[in-house]
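Some notes on the structure that comes next.
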Amino acid sequence: MPQASAVPTLGVRVLLLACACRRSAAGSQPSLSSARTPPVSLRQPSDTCHTIVAPASQHGFPLSHHSKSGKTWYMPVYSSAPLLAPAENVTRAVVYLHGAAGNAIDYFCDAMAVAESLNATEDTLTVAPWFGSEHTVEAKTKQGWDPAFPGSWSPLWWDHSTHEAISWTDGGDSGSTTGAGSHISSFQVLNELVGLLSSMWPQLETIAISGFSAGCQLALRWAFFAQADFGKVRLVVSDCNTYMYNTAERPAESCRPLEDTESGHWCDEFEVPNATEYPPMEYNAYKYGTILEGTRYVDRGYRYLLPFQAASAIERAAAAFYTKDIRFVFGTQDVCNCRDPEFNNSEAFCFPRACAGHCADTFPDGTCHNLVDIRPAAMLQGSNRLQRGLNYAAYLQTKPHPGNRKAPDFFVGGHDDKGFFNSVAFKAWAFGIHLDEAAASEPPNAWRR
């Protein structure tokens, strides 16, 4: 039985996967790695995995936090081996952060298929944490989740009831604002997961944490505020809805036209928006920026962020963040915005036949739902996911230590986690496996300057 009082130490090498604008000289052609389409076997969930493998892979890890009532908590995960029983033959861990749907089981099955395609299942620990809702987590865990955590232990869950609920993607506390639950931040969960793997799996050479869509937002925001050793950290993320800028600048208007600007898009100019049109407390407040004081994030539900209200704390976090190895893999067709009536949606990519010809900006992961954020703070970052991602990558290149960062890579596809996980760039960066197909195309000229 795990000891709730044991606080994991931090210290393993970690690999976190988890613009005036112009077209580059390379044009809009994606890199060579984007020319690969995921095989049919990866396009649909495996029934065998969902019905046999995943149920046998229900594990967890203890949290150091204790409630006043003495209750102890664990984080439910799907993993290819129990996290509390390290295996000597495993030399890498790859952690997959799911999207807004909370479908950790799907991410786990997709991840196992990727490891199998690389003949890497024997030396890879695959982990998919589950940031589920109260209803889904309690219903599932009551059926028996992991014998290592008997009835005296309680699983973490997050409030998914409304758009204003405490969000795990932003570092929110588990439980609800009414007092139920543990009030452990999703950021702290990742801190402790890294710590546990560091101390209990010392033979690991790398720990990879991938983030796609909502998982991309969690990975990047956690990396900024993380209280962990990032000596060997690599972030490889894909297709965030929005990003957190840690200064007041945003892409110039010419960097965010209301259309698909393709994968050759690059932003050369960042400026502070007009304060009358875009009040700083709106466009630069957390989660789009780093202003915390006076926002709902410090009232309740985000205890982890309270020490970062001071500008000096943000400056220290930013200085550390700039030293980190951050890599992006974007979908070349994740270019739709169906909620903004002024956006010019691509006939080729934004009206899939599966959606009866209706505009869909989160296809195929979100089926035919439209979820691209169109708040002013989001639109200041770009008009669609690909544009926003490339703008943010360019923004980071204007900050210290630009040599730490690689040019973005691409996969051919829309909002598709399977396309991301099966891309050559993801496999090479997350697994550290050399692939002949992984030869990158020439980066934009702006990247080399």
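The values are calculated or read from the model by the stated rules, or taken from the named source; none is laboratory data. As the structure is a prediction and not an experimental result, all values here were calculated from the model. When we count neighbours, we look across all protein chains shown, and the Cβ atoms used for this are built from the backbone with ideal geometry, even at glycine. To get the accessible areas, we keep the full protein, side chains included, count just its heavy atoms, and leave off ligands, DNA and RNA. Shrake-Rupley method; radii C 1.70, N 1.55, O 1.52, S 1.80 Å.
For the stretch 300-449, which whole percent of the accessible surface, found with a 1.4 angstrom probe, sits on carbon and sulfur atoms?
Summing carbon and sulfur atoms, their accessible area is 53 percent of the total for the stretch 300-449.
I need the Debye-formula profile for the stretch 75-174: one equal scatterer per C-alpha, no solvent, reported as log10 I(q)/I(0) at q = 0.23 1/Å, two decimals.
Normalising to I(0) and taking log10 leaves -1.22.
Please work out the Cα center distance from the stretch 240-285 to the stretch 296-343, rounded to the nearest Å.
13
A 29 angstrom limit on the alpha carbon distance is what I want to check against. Which of Lys140/Lys418; Lys399/Lys427; Lys287/Lys418; Lys324/Lys427; Lys71/Lys140; Lys71/Lys418 exceed it?
Exceeds cut-off: Lys71/Lys418.
Please list log₁₀ I(q)/I(0) at q = 0.13, 0.21, 0.24 Å⁻¹ for the stretch 82-136, using the Debye equation with identical point scatterers on the alpha-carbon positions.
Debye output, listed in q order: -0.36, -0.80, -0.95.
Stick to Cα atoms and the Kirkwood definition of Rh, then tell me Rg/Rh for the stretch 316-400.
Expressed as Rg/Rh, it is 1.07.
Can you list residues from other chains, or at least 5 along the same chain, whose modelled amide H is less than 5 Å from the amide H of Gly171?
Hits under the 5 Å cutoff: Ser186, Phe187.
May I ask for the percentage of alpha-carbon pairs in the stretch 173-306 that lie more than 24 Å from each other?
When all Cα pairs of the stretch 173-306 are counted, 44 percent exceed 24 Å.
Work out Dmax and Rg for the stretch 270-326 from the C-alpha atoms and quote the Rg first, both in angstrom.
Looking at the stretch 270-326, its Cα Rg and Dmax stand at 12.8, 36 Å.
Take the Cα radius of gyration of the stretch 298-364 and divide it by 2.2 N^0.38 Å, with N its residue count; two decimals is plenty.
The value comes to 1.82.
Out of Ser238, Pro251, Ala219, whose Cα points farthest toward the positive end of the dipole of the stretch 209-262 (charges: +1 Lys, Arg; -1 Asp, Glu; placed on Cβ)?
Ala219
Using the Karplus curve 6.51 cos²θ - 1.76 cosθ + 1.60 with θ = phi - 60°, work out ³J(HN,Hα) for each residue of the stretch 265-275 in order, rounded to whole Hz, and write x for Gly and Pro.
4, 8, 10, 10, 9, 10, 8, 7, x, 4, 5
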